[in-house]
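**Student:** Before I ask anything, let me first share the structure, which is written out below as structure tokens.
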Amino acid sequence: MNPTIRSDYLDFLRRYWPNVQSEAQNWLNQLRINAFDHVNAQRLPTRRDEDWRFTDISPLTQLTYSPAKPEYNLQASDLTHWQLKEAKNRLVFVDGHYAEHLSVIDNSLQLVIGNLPDFASTHREMLEAQLGCHATSDCNVFTALNTAFLHDGAVIIVPKNTVVEEPVHILFIATQSEVTGYPRCLVLGEAGSQITLIEDHVALTQSAYVTNSVTEIDLADNASVKHIRIQRDNALAFHMASCAVSLARASNYQSISISLGAQISRYNLGIRLMGEAAECAVSGLALIGDRQLADTHTCIDHSKPNGISHQQHRCIVDDSAHAVFNGKIIVRPYAQRTNSAQSSRNLLLSKTAQIDTKPQLEIFANDVKCAHGATVGQLDPDEIFYLKSRGLPDLVARDLLTYAFGAEIIQRIPVASLKQRLEQAILCRTQRQS
Amino acid sequence: MIIENSKTILSVQGLCASINGIEILKGIDLIIKSGEIHAIMGLNGSGKSTFAKVLTGHSDYEVTAGSITFEGNNLLELPPEERARAGLFLAFQYPIEIPGVANTQFLRLAYNTIQAQRGKEELDPLEFDDFVREKMKLLEMKPDFLDRSVNEGFSGGEKKRNEILQMAILEPTLSILDEMDSGLDIDALRIVANAVNHLTNKDNATILVTHYQRLLDYIVPDYVHVMQGGRIVMTGGKELALELETRGYDWVQTNRQSISGAIA
């Protein structure tokens, strides 16, 4: 790849950076300035970088997409398709900008929830200690860009021992073409709190755009978060995303991430189990076709004893699409009695589909239980025979099993209306026969 | 029940089959008429489960000689799904788990496929729900069976009941029950056997593939066949199963040798 193109791309983005140096030296501006310095110190990754070995982002580097400006032409009726009846709170961001008139905030729940700038002074101490501290700018240029261009963002603080039954829906809608949006989320679960979040990336435009999204989640002792992430961008979009999660003692993080859209998508999920007996369950599904590329990189880092991590990642790849999964598990020397299991299962539906899967275990403790496995293949002939022996035609049997392979992950979503809609979406994508 | 002049459902002649070039079935002859229950007994490795799979068209097995005629049609020409639609049913020894597909979804799909083949009306989810719940009573199954994924997390007994539920729904002409009693406690065995007895009638036929005589106390066969080395070496009435129970399979071996010795 031509290095000048790379630097041109970053140069182009840099030109649009709102120079905040001249403005008030508040903490948010300082954060942006530091991140911008990190952008300047880095280059775009290429396939020569180990972490990007299978993912060629050169089509992205040829784009000159300026940051999206706020546009609020949408009506609430435009959102009906994505509304979830279970969610009492809905934060809506249009091209990364907060849309107050589309958002719904239920004040009866004991939640601090809203747009980042509204809390910058009222919750300064808390936010300053967390924002940009989990997803740092020093080793990922996309994260650095997101923080450098930081403006709006979803902030959710679940107070101590508060159990929020109703899920919170954070809806990011892309509407403008040929722009870059910078969605951002910060979720703080105080001790003993519980919440379910749906981070939902959707599109109302048919043309290309770039989403560069960052989510940070901090869980205090015994806190619990269920994080459902749906990426259903349009087929021309580029989706670069990072999520960084820090877990204190006996906290519990459950992630279900579904990747369906985008021309090129990359999701980095980093989970650090920093307290004893912390636990995480990570489920992922990428269902892609045509010439899509979906790359999921996860890192689960056990640094304290008695941690538990369960991971199951699945890819269904059709046509000439390409799925990548890199799942790193680190068990540090002090993290004795860690129990970790990882499985990567992949289904290839066409001869030209491609999958690269790489489990990566780095274990430095001696008293641990770690299991991992990866399979790439076609459908199980015994399962096909079972269905055919009940009269189902070959193609119907195959389609049903393909659906089941994906639906098994979807069925873990604890929000019925979302689950149903996604099941339907998976059904449509896997039924080639009828 | 043995009915005089009833029609032939299945006719197997000189059937030989192999897997990966190894011959397992070495010339099987069997005639089954409507109304009849046949037990096929034999030790592990005698070829009885292979016979069941070859009848239903499992692609691992290659038929090298012989013929199978099912209601007058050449069964060997049909792929497994068409055999099923023609009225052949296999209750699996080890039913397959399909996580992600709700049992009711699977059962309705199978039912409607066969209904369409028979030119009968398909059922929508609500109609099917009423229909299947009625059938489930026969097997004393809890309603939550419908919402769970196909066989996933089912106990051995639950899986077997689910197989017989499929038999009840699909109403096959010939049912092959492969080791129906394995993994069943005595109560579950009684429920499953009662259901099978309820489903057998003068127009259909059943093959029980089993290692032990126990099942035959509950589902009484009209004929008992003993398989050995890929052949049916002995055929008798229900009393043959009892004889096997007391004398063991070794007795068949000796007995058979003396018979063939006498012929020679």
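**Student:** Suppose the filter is modelled with pLDDT under 95, assigned to a helix (DSSP H, G or I) and within 26 Å of residue B:108 (Cα to Cα); does residue B:189 pass it?
**Tutor:** Numbers: modelled with pLDDT under 95: yes; assigned to a helix (DSSP H, G or I): yes; within 26 Å of residue B:108 (Cα to Cα): yes.
Taking the combined requirement at face value, the residue satisfies it.
**Student:** Take residue B:234 and decide whether it is over 19 Å from the mean Cα position of the chain (by Cα) and modelled with pLDDT of 90 or more. Step through it out loud before you land on a result.
**Tutor:** Details: over 19 Å from the mean Cα position of the chain (by Cα): yes; modelled with pLDDT of 90 or more: yes.
For residue B:234, the condition - over 19 Å from the mean Cα position of the chain (by Cα) and modelled with pLDDT of 90 or more - is met.
**Student:** Another question, then. Tell me, which residue of the stretch A:72-103 that is aliphatic (A, V, I, L, M) and part of a loop (DSSP other than H, G, I, E, B) is farthest from residue A:193 (Cα to Cα)? Spell out how you get there, then give the answer.
**Tutor:** Residues of the stretch A:72-103 that are aliphatic (A, V, I, L, M), as a first pass: A:74, A:76, A:79, A:84, A:87, A:91-92, A:94, A:99, A:102.
Filter once more, so that each one left must be part of a loop (DSSP other than H, G, I, E, B): A:74, A:84, A:87, A:99.
On the way: A:74: 34, A:84: 22, A:87: 18, A:99: 27 Å.
The extreme case among them is A:74.
**Student:** On to the next question. If we scan the stretch B:206-215, do we find a residue that is of a type in the set (S, T, N, Q), surrounded by 23 or more Cβ atoms within 10 Å (Cβ to Cβ) and more than 26 Å from residue B:116 (Cβ to Cβ)?
**Tutor:** Yes, there is a match, as at least one residue in the stretch B:206-215 is of a type in the set (S, T, N, Q), surrounded by 23 or more Cβ atoms within 10 Å (Cβ to Cβ) and more than 26 Å from residue B:116 (Cβ to Cβ).
**Student:** How about the stretch B:51-63: which of its residues are within 14 Å of chain A (Cβ to nearest Cβ), touching a residue at least 40 places away in the same chain (Cβ under 8 Å) and assigned to a helix (DSSP H, G or I)? Give the derivation first.
**Tutor:** Here is the first cut: in the stretch B:51-63, the residues within 14 Å of chain A (Cβ to nearest Cβ) are B:52-61.
If we keep only those that are touching a residue at least 40 places away in the same chain (Cβ under 8 Å) too, we end up with B:52, B:55-56, B:60-61.
Result: B:52, B:55, B:56.
**Student:** Test each condition in (1) touching a Pro at 6+ places or on another chain (Cβ under 8 Å); (2) surrounded by fewer than 17 Cβ atoms within 10 Å (Cβ to Cβ) for residue B:89 and report the one that comes out false.
**Tutor:** So the condition that residue B:89 fails would be (2).
**Student:** Let me ask another. Looking at the stretch B:64-84, which of the residues that are surrounded by fewer than 22 Cβ atoms within 10 Å (Cβ to Cβ) and within 17 Å of the chain's Cα centre (by Cα) is nearest to the other protein chains (Cβ to nearest Cβ)?
**Tutor:** B:82
**Student:** Another question, if that's okay. What are the residues in the stretch B:14-34 that are part of a strand (DSSP E or B), out of contact with any Gly (no Cβ under 8 Å at 6 or more places or on another chain) and under 21 Å from residue B:224 (Cβ atoms), if any?
**Tutor:** Selection gives B:30, B:31, B:32, B:33.
**Student:** What is the residue count in the stretch A:252-286 for residues that are among the aromatic types (Phe, Trp, Tyr) and either crowded, with 23+ Cβ neighbours inside 10 Å or within 23 Å of residue A:336 (Cα to Cα) (or both)? Can you show your working first?
**Tutor:** Kept after step one, since they are among the aromatic types (Phe, Trp, Tyr), are these residues of the stretch A:252-286: A:253, A:267.
Within this subset, residues satisfying the condition of being either crowded, with 23+ Cβ neighbours inside 10 Å or within 23 Å of residue A:336 (Cα to Cα) (or both) are A:253.
Total satisfying the criteria: 1.
**Student:** Just to be sure I understand, how many residues within the stretch B:88-121 are assigned to a loop (DSSP other than H, G, I, E, B) and either more than 10 Å from chain A (Cβ to nearest Cβ) or more than 28 Å from residue B:13 (Cβ to Cβ) (or both)? Lay out the reasoning, then the answer.
**Tutor:** So the first thing to find is which residues in the stretch B:88-121 are assigned to a loop (DSSP other than H, G, I, E, B), and the list is B:92-97, B:118-121.
Narrowing further to those that are either more than 10 Å from chain A (Cβ to nearest Cβ) or more than 28 Å from residue B:13 (Cβ to Cβ) (or both): B:93-97, B:118-121.
So the answer is 9.
**Student:** Something else: What single numbered condition from (1) touching a residue at least 12 places away in the same chain (Cβ under 8 Å); (2) closer than 26 Å to residue B:217 by Cα; (3) not in a strand (DSSP E or B) fails to hold for residue B:45?
**Tutor:** Evaluating residue B:45 over (1) touching a residue at least 12 places away in the same chain (Cβ under 8 Å); (2) closer than 26 Å to residue B:217 by Cα; (3) not in a strand (DSSP E or B) leaves (1) as the failure.
**Student:** Also, quick follow-up: May I ask you to list pairs of residues, at least six apart or on different chains, whose Cβ atoms are under 6 Å apart, with the first in the stretch A:159-181 being at positive phi and the second being surrounded by 15 or more Cβ atoms within 10 Å (Cβ to Cβ)?
**Tutor:** The qualifying pairs are A:161/A:192; A:178/A:65.
**Student:** Just name the residue that is nearest to residue A:283 (Cα to Cα) out of those in the stretch A:312-324 that are buried (at least 24 other Cβ atoms within 10 Å of the Cβ) and not aliphatic (A, V, I, L, M). Reasoning before the result, please.
**Tutor:** We begin by selecting, within the stretch A:312-324, every residue buried (at least 24 other Cβ atoms within 10 Å of the Cβ); these are A:313, A:315-317, A:321, A:323.
Checking the rest, the ones that are also not aliphatic (A, V, I, L, M) come to A:313, A:315.
Numbers: A:313: 6, A:315: 11 Å.
Only one residue fits best here, namely A:313.
**Student:** Considering only residues that are assigned to a helix (DSSP H, G or I) and either among the aromatic types (Phe, Trp, Tyr) or in contact (Cβ under 8 Å) with a residue 12 or more places away in the chain (or both), look in the stretch A:42-71 and name the one that is surrounded by the fewest Cβ atoms within 10 Å (Cβ to Cβ).
**Tutor:** Filtering the stretch A:42-71 down to residues assigned to a helix (DSSP H, G or I) leaves A:50-52, A:58-61.
Still in the running and either among the aromatic types (Phe, Trp, Tyr) or in contact (Cβ under 8 Å) with a residue 12 or more places away in the chain (or both): A:51-52, A:58-61.
Working: A:51: 15, A:52: 17, A:58: 15, A:59: 12, A:60: 18, A:61: 18.
Within the stretch A:42-71, the match that is surrounded by the fewest Cβ atoms within 10 Å (Cβ to Cβ) is A:59.
The values are calculated or read from the model by the stated rules, or taken from the named source; none is laboratory data. As the structure is a prediction and not an experimental result, all values here were calculated from the model. Cβ: placed from backbone, ideal geometry, glycine included. Neighbour counts: every protein chain shown.
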